[in-house]
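Let me begin by presenting the structure, written as structure tokens, before commenting on it.
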Amino acid sequence: MIGIDCISPLRMICLLAAATVISACLAWLGFDRLAEERQRLAVTEAMALVGTRPRTPIMTSNMAFGEPGRRLAAGRFETRLSKAALGHRLLVERLQMIPAQPDYQKLLMAEFVVSGGETEIKRFTHEIERGTPAIRFESWRITHTATGEPTVRIDARALALWEAGT
Amino acid sequence: MRSDPVTRFRCAALRSSGATDIRIVHALNADAARERLIAAGLEPLTIEAVGPSLTQRLAGRLHDTWRHFRVRQDQIAPPGATADATPILKLLLPIARWLMAGSLALMLGTWSLVLITMGWTDHVRREQAAAIVSYRDHVTDARIRTLAQSAMLAPSLTETLGHLAAILPAETSLSAATRDRTGALWIELDTSDPDLFRPILVDDPIFRSMKEVSQVQTNEGTIRITWKGVPR
């Protein structure tokens, strides 16, 4: 093994300088990594803190469908739409529930097309939007079925909330 | 360079079939090369000494350079020559050592902190696993709340149609109305005189931000105007 005294001072300084540069680079990388890890820790702690708080209902009472199961709530939602349409003597051309996305189980959505007299359509939308639990038309299109006729068609997507026990 | 590089011979020889063959033979001298050809079943015609190959010359050059470098190093700093170093080098050496030690300590300290932080994060994740799962439910609730609020707070279909019916002049009829998922509203109106309706819509507090986007003649002789905007 070569003793350290065998290395000339110039060569020793070069070796030390190289080691210094390498260590400094690794330290620099360490600072970057440390910042990332501290950020991750802060996020984790914040998530834990928020998670310990009690969950509050999304809507005030009676505004959401409170059935114990989602299927029950979806059935009631669909029934309310069809009943209101038939009650106002509207033709239900289509009524279809939209399957829930995994993160949006509490959202109930349905697409429907109904047609009928202008006055009946207005009464129908009024009944749906004023009743409880709340139903809103997220997007809609209302058109006259033929020019000059009093019959109108509404093609809409209705939205409501389901929160068990509310 | 090596003193006797001529160990390669370019030989022309006849095969037993009568065909000519040219080979490079490595041997000590021409006689040895001839013997090797005969042993290989060839009849030598010419044997010509050639110089070292390109690879051999390159290896020799590298060897010489390395030897020269070693000699110079020994002249500059013979073994155990630390005591004879120049004063500037003597001064620089401890500084370089301190700098290296500092840099090394900094690196070790930083990476130690990284490991400690990672360990602590894992600890928090394990200890607060239930709370973190609950946090995801909070986030989902917040998203749904935002979506529901935008749908609930936007002017309802009944309000929109009622308001339109209230402000439309008798000469104007609503042909179609659409609201998309972003809340933008399109109104298509049939009128005989667009100038009758324009000031009404411009002055209306709800439809003030709407802009006229198209105007076409219908088969009935009326003009269909389309307005677009986000009602307030």
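Taken one residue at a time, the phi angles of the range B:177-189 give Karplus couplings (6.51, -1.76, 1.60, θ = phi - 60°) of 9, 9, 10, 8, 5, 8, x, 6, 10, 10, 10, 10, 10 Hz. Gly and Pro are set to x. Protein heavy-atom accessible surface, 1.4 Å probe, per residue over the protein assembly as shown: 61 Å². For the range A:128-136, backbone phi angles converted through the Karplus equation (6.51, -1.76, 1.60; θ = phi - 60°) give residue-by-residue couplings of 5, 6, 8, x, 10, x, 5, 10, 10 Hz, Gly and Pro being listed as x. Within straight-line reach of B:K228, meaning a Cα separation under 26 Å, sit the following lysines at least 8 residues removed in sequence or on another chain: A:K122, B:K211. Using the Karplus relation 6.51 cos²θ - 1.76 cosθ + 1.60 with θ = phi - 60°, the per-residue 3J(HN,Hα) values for the range B:165-171 come to 4, 6, 9, 5, x, 4, 7 Hz, with x marking Gly and Pro. Calculated translational diffusion coefficient of chain B (20 °C, 1.002 mPa s; Stokes-Einstein with Kirkwood radius over alpha-carbon pairs) equals 71 µm²/s.
Close amide H partners of A:L108, meaning residues 5 or more places away or on another chain with modelled amide H under 5 Å apart, are A:A160, A:L161, A:W162. Each Cα pair under 8 Å and six or more residues apart adds its sequence gap; the mean of these over the residue count of chain B is a relative contact order of 11 percent. Relative contact order of chain A: 24 percent, from C-alpha pairs under 8 Å at least 6 residues apart in sequence.
For the range B:97-158, just say rounded, prolate or oblate: build the C-alpha gyration tensor, square-root its eigenvalues into a ≥ b ≥ c, call rounded for a/c under 1.5, and beyond that prolate if a/b exceeds b/c, oblate if not.
oblate
At what distance in angstrom do the alpha carbon centres of the range B:156-232 and the range A:25-77 lie from each other? Distance between centres, Cα-based: 43 Å.
On a 0 to 90° scale, report how tilted helix B:129-153 is relative to the longest principal axis of chain B, with both axes built from alpha carbons and the result rounded to the nearest 10. The angle comes out near 40 degrees. In loop segments of the range B:89-184 as defined by DSSP, the GluC sites (Glu not before Pro) with at most 16 further C-beta atoms inside 10 Å of their C-beta are B:E171.
Under 5 Å between amide hydrogens, built in the peptide plane, is the criterion, and for B:S175 it picks out B:E188, B:L189, B:D190 among residues at least 5 positions away or on other chains.
Over the whole of B:113-125, what's the average partner chain Cβ count within 10 Å per residue? Rounded to a whole number, please.
Counting other chains' Cβ atoms within 10 Å and averaging over B:113-125 gives 5.
The values are calculated or read from the model by the stated rules, or taken from the named source; none is laboratory data. None of the values given here were measured: they were computed from a predicted structure. Virtual Cβ from ideal backbone geometry, glycine too; neighbours counted across all protein chains shown. Side chains included, ligands, DNA and RNA excluded: accessible areas come from the protein's heavy atoms. Shrake-Rupley method; radii C 1.70, N 1.55, O 1.52, S 1.80 Å.
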